[in-house]
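Down below is the structure, laid out as structure tokens.
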Amino acid sequence: MKILRNLAAACLLLGAAPVGAQTTTLDFPTYQLQESFGPWWQALTAEFEKQNPGVKINLTDAPSNDHHRLLTTRFAAGNPPDIVHMTARFVWGYGAEGVLEPLDRWMDKTDIRKSWVPNQAAMTVDGKTLGLVMLNYGFGLFYNEPMLKAAGVAVPTTEAELIAAAKNLTKVKDGRTEHYGFAMNTSTSSWGYMYFMHFHAGRDRELIKDGKLDSQDEIARTLETIDGLIKAGVSPKGLDNTPMRRLFWGGQAAMYIDGSWAPGYADAMATADVKDGWRVARLPFANMAGGPSNALAMPKDIAPERKELVWKFIQLAASPEWQQKYAEITGNPPGRVGMVTDAAKAKWPTLAMFDAAASAPSRSHLPIGYESEFTKISDIVANEMSAMVTGKYGSAEAAKRIVDGINRDVIRK
């Protein structure tokens, strides 16, 4: 017994868990483990475990397309993960359901509010801060430089130039498309909605502003542009993100739009030719849709001692040291302002452009005033756009259905 007591005391002095102590495990699923963010999350969790003996983090990979659905199912079942990582546009919906813990009592004791990107304010729902923004959206036009040069096509800088380039870069031989000009997400997922917003915000339009839905004619105009590109054969119909990216990085598409995380796909997905020839430019629109990309949050219905541990994890992620590492490891602009180091810029030549893009958007991809209804709005827009591109009906009818659906199910006119 004396030996065991001495061993336990020694463990405490060394900062290790005493013999017989139970390990606390925090559940943490993320959809970013297979992306360039993965090594950062892995290093961060390892450091947290090192600083907190007796605490383990169960870091698991969640499929990107199913992550929100799985989170919703777990919240509904009363079994949420301890560390909630989600696409930021879903924070308002969870906030409206009352399942997230306000972070203010911890955050007010830190420098986060004064040191973070302005879009951190968007994480406030009914006066309560429900998440910490990890990344602001910054998008670019990825293009295959050898393909553009071979076709004599300049990098587009306007919507009209993008449309012309997409058509000129689409190559068809014997009725078969050899490569597409511009791979587009026209799926029924929330990313289909985001592609709609690239074009809609690009024309300096908000879908909803000051409680008013944009006009049916303006929505139809955006849909007509997208439908025209699909009918011209510049992209397959109904692509979601993964097949869209595979087309570009596999050398079967000349251009596509993606975010600051996309350079990380070069090693995993690109052919040798594409790995040497891909480039990225500013989006060819007058305005850009922006906003918070993803956030860390905390479930309301977990034990108080687990909440304290979750906050310690969030605070470590928010520290200057780990925010600098975020830029250096992932190649993405972090939430804490001024953390993009010279080392990060040298390692990731595209980082400066994406950092500027994340700070530049003049239009929001979110439905202003109806953020908590994002899922409904996204579903309505993406479903009708998808039906349009598959030929079920034209852009005018799709726009009418979008307006009717949002007015009926969201604005409730």
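For segment 94-110, which positions are among the hydroxyl-bearing types (Ser, Thr, Tyr) and modelled with pLDDT of 95 or more?
The initial filter retains those residues of segment 94-110 that are among the hydroxyl-bearing types (Ser, Thr, Tyr), namely 94, 110.
The one that is among the hydroxyl-bearing types (Ser, Thr, Tyr) and modelled with pLDDT of 95 or more: 110.
Among 200, 179, which is the only one that is closer than 27 Å to residue 403 by Cβ, not assigned by TED's automatic domain parsing to the domain that holds residue 67 and not hydrophobic (A, V, I, L, M, F, W, C)? Full working, then the answer.
Values: 179 fails: closer than 27 Å to residue 403 by Cβ.
None of the others qualify; the one that does is 200.
I'd like the full set of residues that are among the charged types (D, E, K, R) and touching a residue at least 60 places away in the same chain (Cβ under 8 Å), limited to segment 246-266.
Start the filter on segment 246-266 by keeping residues that are among the charged types (D, E, K, R), which leaves 246, 258.
The answer is 258, and nothing else.
Matching residues to (1) in contact with a Pro (Cβ under 9 Å, 6 or more places away or on another chain); (2) β-branched (Val, Ile, Thr):
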| residue | (1), (2) |
| --- | --- |
| 51 | no, no |
| 68 | no, no |
| 75 | yes, no |
| 99 | yes, yes |
| 137 | yes, no |
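Which residue is nearest to residue 317 (Cα to Cα), if the candidates are limited to segment 259-299 and must be out of contact with any strand residue (DSSP E or B) (no Cβ under 8 Å at 6 or more places or on another chain) and charged (D, E, K, R)? Result: 267. Does residue 340 qualify as being under 21 Å from residue 139 (Cα atoms), of a type in the set (A, V, I, L, M) and assigned to a helix (DSSP H, G or I)? No, not satisfied. Kindly indicate whether any position in segment 294-314 is over 30 Å from residue 77 (Cβ atoms), outside any helix (DSSP H, G or I) and of a type in the set (A, V, I, L, M, F, W, C). No: segment 294-314 contains no residue that is over 30 Å from residue 77 (Cβ atoms), outside any helix (DSSP H, G or I) and of a type in the set (A, V, I, L, M, F, W, C). Of the candidates 343, 382, the single residue that is surrounded by fewer than 19 Cβ atoms within 10 Å (Cβ to Cβ) and of a type in the set (Gly, Ala, Ser) is 343. You will find that of 382, 346, 398, the residue that is among the small types (Gly, Ala, Ser) and in the same structural domain as residue 87 (by TED's automatic domain parsing) is 346 and no other.
Tell me, which helices (runs of 4 or more DSSP H) lie completely within segment 206-273 with 1 or more residues that are of a type in the set (S, T, N, Q) and surrounded by fewer than 17 Cβ atoms within 10 Å (Cβ to Cβ)? Give the steps one after another, and end with the answer.
On the way: elements: 216-231, 241-249, 265-269.
Hits in segment 206-273: 216-231, 241-249.
For segment 123-143, residues that are more than 19 Å from residue 354 (Cβ to Cβ) and of a type outside the set (D, E, K, R) total 8. For segment 335-383, the set of residues classified as touching a residue at least 60 places away in the same chain (Cβ under 8 Å), touching a helix residue (DSSP H, G or I) at 6+ places or on another chain (Cβ under 7 Å) and closer than 27 Å to residue 229 by Cα consists of 363, 365, 366, 367, 374, 375, 377, 378, 381, 382, listed by residue number.
The values are calculated or read from the model by the stated rules, or taken from the named source; none is laboratory data. Computed from a predicted structure; not experimentally measured. Cβ: placed from backbone, ideal geometry, glycine included. Neighbour counts: every protein chain shown.
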